[in-house]
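Below is one structure, written out as structure tokens, with a few remarks after it.
The values are calculated or read from the model by the stated rules, or taken from the named source; none is laboratory data. Model, not experiment: these values are computed from the prediction. Every residue, glycine among them, receives a Cβ derived from its backbone with ideal geometry; neighbour counts consider all protein chains shown.
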Amino acid sequence: MSDVTEAAETEGKVAHQQGVRQQKVGRVVSDKMEKSCVVAVDYVRRHPLYHKRITLTSKFIAHDENNLCTEGDLVRIEETRPISKRKRWIVREIVERSVKL
């Protein structure tokens, strides 16, 4: 019986440590840094009293190893370990390229 509870506790600890990494989709607003880009993620909330839809924007510094992102690209970023002071996200894929005129 104790082996079963120990195994369950061990599995719970492993699942808690690894967890599911959060992903967000946003637009690249700046790519002027080396191996980094700024991604703006928009989300919609309702005002608690007036119930009007409000669009809020959060900016994240994301790691772009090969400098593939350009301004206007739609990218998927994923949570990762701290890479620098403000960089805690990594670019997983470029969902849609921006149109160059």
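A few notes on this one:
- Look at segment 22-43: where a residue is at pLDDT 95 or above and a partner is surrounded by 18 or more Cβ atoms within 10 Å (Cβ to Cβ) and small (Gly, Ala, Ser), sitting 6+ places away or on another chain with Cβ atoms under 7 Å, you get 36/62; 37/62; 39/26; 39/62; 40/26; 41/26.
- Candidates 58, 30, filtered to the one that is within 12 Å of the chain's Cα centre (by Cα) and polar (S, T, N, Q): 58
- Members of segment 49-74 that are under 17 Å from residue 34 (Cα atoms) and either touching a helix residue (DSSP H, G or I) at 6+ places or on another chain (Cβ under 6 Å) or surrounded by 15 or more Cβ atoms within 10 Å (Cβ to Cβ) (or both): 60, 61, 62, 63, 64, 69, 73
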